[in-house]
Amino acid sequence: MNTQKIGEQIALLRKAKGITQAALGDRLGVTFQVVSKWERGETLPDTALLPALADTLESTIDLILRGGEKQLAFRGRTTIAQIREGLSCLQKTGQLLGEHTQLYRHAIRGINEGMNTDIEEAFHSDNIFEVFVAECAIQNMMAGIYIEPADIRRNVYNEHLRDTVLKYCERCHIK
């Protein structure tokens, strides 16, 4: 726990409610000096006070103890290697079923129309394949899938694409 962030969150919530340190202390049965120590990150509120503190500040214990940062629940995890494998499996499907079969052609047409692109170009160009890897990583994160930033740094080879995917990590609160 980051006591500094917790203290900043308490101060932010208290000020937003227009409550002084003394008034908050009175409501919780502590002195304004105790509230001041919380807000400076020197000490933490006693656990027995947390429900009343959260109620008074119209917040939650969780939000206070996380220093204002919300806990995001990710729906799953993936890796860049798994994304690469998935794209490779799509190519392999064409090889195994035949690139001219209806099943494969409809799958490819659906991807191409949905993404306004030509996925088969990626099967013949490392650079275009890398773009699809980055796009799949971004779409996964936007759908709530966790990808380790260190994995992205190691395994997205194009620097510009890597930086773009890492920006989406930040947007999706992945650290």
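Quick check on the range 16-26: of everything there that is in a helix (DSSP H, G or I) and under 14 Å from Ala54 (Cα atoms), which residue is farthest from the chain's Cα centre (by Cα)?
Step by step, filter the range 16-26, then rank; the result is Gly25.
Output the residues belonging to the range 13-26 that are of a type outside the set (S, T, N, Q), in contact (Cβ under 8 Å) with a residue 12 or more places away in the chain and surrounded by 16 or more Cβ atoms within 10 Å (Cβ to Cβ).
Matches in the range 13-26: Leu13, Arg14, Ile19, Leu24.
Could you check the range 27-45 and list, in sequence order, the residues that are over 18 Å from Lys17 (Cβ atoms), assigned to a helix (DSSP H, G or I) and of a type in the set (Lys, Arg)?
Lys37
Could you list all residues from the range 87-131 that are surrounded by 14 or more Cβ atoms within 10 Å (Cβ to Cβ) and under 21 Å from Asn158 (Cα atoms)?
Listed by number, the residues that qualify are Leu87, Thr117, Ile119, Glu120, Glu121, Ala122, Phe123, Ile128, Phe129, Glu130, Val131.
In the range 132-160, what residues are hydrophobic (A, V, I, L, M, F, W, C) and buried (at least 16 other Cβ atoms within 10 Å of the Cβ)?
Phe132, Val133, Ala134, Cys136, Ala137, Ile138, Met141, Ile145, Ile147, Ile152, Val156
Among the numbered conditions (1) modelled with pLDDT of 95 or more; (2) under 28 Å from Glu69 (Cβ atoms); (3) small (Gly, Ala, Ser), tell me where Gly144 comes up short.
(1)
Given the criteria polar (S, T, N, Q), surrounded by fewer than 16 Cβ atoms within 10 Å (Cβ to Cβ) and not assigned by TED's automatic domain parsing to the domain that holds Tyr146, does Thr43 qualify?
yes
Please specify each residue of the range 98-154 satisfying the condition of being under 23 Å from the mean Cα position of the chain (by Cα) and at positive phi. It would help to see each step written out before you state the result.
Here is the first cut: in the range 98-154, the residues under 23 Å from the mean Cα position of the chain (by Cα) are 130-154.
Answer for the range 98-154, where residues must be under 23 Å from the mean Cα position of the chain (by Cα) and at positive phi: just Gly144.
Just need a number here: residues in the range 147-175 that are in contact (Cβ under 8 Å) with a residue 40 or more places away in the chain and within 13 Å of Ile83 (Cβ to Cβ).
6
Go through (1) surrounded by 12 or more Cβ atoms within 10 Å (Cβ to Cβ); (2) out of contact with any strand residue (DSSP E or B) (no Cβ under 6 Å at 6 or more places or on another chain); (3) of a type outside the set (S, T, N, Q); (4) under 30 Å from Cys169 (Cα atoms) one by one and return the number of the condition Phe74 breaks.
Here Phe74 meets the rest and fails (2).
With Asp151, Asp163, Asp118, Asp126 as the choices, which residue is of a type in the set (Asp, Glu), touching a Ser or Thr at 6+ places or on another chain (Cβ under 7 Å) and not assigned by TED's automatic domain parsing to the domain that holds Ala16?
Asp151
The values are calculated or read from the model by the stated rules, or taken from the named source; none is laboratory data. Worth saying up front: this structure is predicted, and the values here are computed from it rather than measured. Cβ atoms come from the backbone with ideal geometry, glycine included; neighbour counts cover every protein chain shown.
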